[in-house]
Amino acid sequence: MAFVAGHSGAGKSTLLRLVALMDRPTRGQITVNDQNLAKTKARHVPRVRRSVGMVFQDHRLLMDRSVFANVALPLEIAGCTREEIGKRVRAALDKVGLLAREASPPVTLSAGEQQRVGIARAIVGKPPVLIADEPTGNLDPMLSAEIMNLFAEFGQVGTTVLVASHDLNLIKRMGKRVLVLDHGKLIDDFRPQTDNVVARSATITPPPLRSGGGQEVGAKQDAGRSSLPSRPEGTSA
């Protein structure tokens, strides 16, 4: 599990969109699971996206469908059988603690519960990579901690988890690897150990870098050689 930090406009969301092939780099390459996404042909984009689970800040749930139907949607698109869908959807809902709410419409759920439905939908296809763009931006500190602990659990079973967040206190408490971006460039890569993470956070808004001083990752910039392998928690990924 790793966090992507940086000020607004630093390139956090763009990096996640590149990983999910929602955007493409104009130069360089993005490598996920040893595959250079910059060379992915258009007809193969859906297959690549199925290998990446996506969690959004605004949940993006279908309010006219039940919780079960929302989580089942990726499996229906993938052509899974009804039996397989039922089995995997209920397993995902059980994982996020919402099995008892499978028949409920999303509008009856709290913000934290709606975000957990979004997480269940992202993991139901068992993707090797899970990305989340400010998933706790609309949640209170207690709910934010619960959501991040869920992500940490996924990382412990071998899923590569990449979370974009500006919540430095939450990042500090999690103690995971932190990638700091500034204007599309990677300017820092560290794992917080003690209170010095507060001091390191100052690197989020540094003076302009000299030429060649960073690694561009924006969709309209050089993607450099940004690599996101899928490895179990505790490795260099």
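No value in this document is a laboratory result; all are computed from the given coordinates. These numbers come from a predicted model, not from an experiment. All Cβ positions, glycine included, derive from the backbone under ideal geometry; neighbour counts span all protein chains shown.
Results, tabulated for the structure shown:
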quantity	calculated
Peptides ranked, highest mean first, by Cβ atoms within 10 Å: ranges 2-10, 21-29	2-10, 21-29
Kirkwood Rh and Cα Rg combined as Rg/Rh, the range 125-182	0.94
Aspartates and glutamates whose Cα lies under 15 Å from that of Lys41, excluding same-chain neighbours fewer than 8 positions away	Asp23
Sites Val107 and Ile77 - FRET efficiency at Förster radius 22 Å, r taken between beta-carbons, to 0.05	0.40
Two-decimal ratio, the range 60-126, of alpha-carbon radius of gyration to 2.2 N^0.38 Å	0.97
Peptides ranked, highest mean first, by Cβ atoms within 10 Å: ranges 11-18, 182-189	11-18, 182-189
Listed pairs Lys12/Lys176; Lys39/Lys95; Lys39/Lys185; Lys126/Lys172; Lys39/Lys176 exceeding 25 Å between Cα atoms	Lys39/Lys95; Lys126/Lys172; Lys39/Lys176
